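Student: One structure is given below, represented as structure tokens, and several questions about it will come after.
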Amino acid sequence: MKNAKNSPTTRYCYHCRVHHPVEEMKLLVTKTGSRWRCVKSIEAVKRSKDERDQYGRQVSAANQSEASSRARILNKIQSER
Ligand SMILES: [Zn+2]
């Protein structure tokens with residue numbers, strides 16, 4: 001393994017708090033200055049948000065169908081009485 005270069009090839013990722021290869025890093029400019037963050041963490045946040053949105057929709061749809069079928073059953077029981 002030969003990894004002796006003069007210029008640093010890694011950047012400190014403020015999100016993961018570790019160093020990543022600079023090719024995987026993105027420089028974000030904020031009010032307090034510029035920060036390096038890896039593309040992976042940015043993508044992961046984006047993906048997990050999409051998954052959360054999708055999951056939320058599935059859950060609310062399931063809840064709705066469950067609630068309506070429960071209401072039907074209740075109505076049936078009450079009308080049979
Ligand atoms: Zn990172």
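Student: For every helix of n ≥ 4 consecutive DSSP H residues, a contribution of -39,500 (n - 2.57) applies; sum these over the chain, divide by its total residues, and give [θ] at 222 nm rounded to the nearest 500 deg cm²/dmol. Can you show the working numbers first?
Tutor: Working: 1 runs with 42 residues, N = 81.
After summing the helix terms and dividing by the residues of the chain, the value is -19000 deg cm²/dmol.
Student: Work out the charge dipole of the chain with +1 on the Cβ of Lys and Arg and -1 on the Cβ of Asp and Glu about the Cα centre, then indicate which of A62, S41, V29 is farthest towards its positive end.
Tutor: So the residue we want is V29.
Student: Roughly how tilted is helix 39-80, in degrees to the nearest 10 and between 0 and 90, from the longest Cα axis of the chain?
Tutor: For 39-80 against the chain, the angle is about 10 degrees.
Student: Calculate, in nm to one decimal, what K46 and V22 gain on full extension: separation in residues at 0.36 nm each, minus their alpha carbon distance.
Tutor: Here the segment from K46 to V22 would lengthen by 6.6 nm.
Bear in mind these aren't lab numbers, they're just calculated from the coordinates by the rules spelled out. Only a predicted model underlies this, so the values are computations on that prediction, with no experimental measurement involved. Cβ atoms come from the backbone with ideal geometry, glycine included; neighbour counts cover every protein chain shown.
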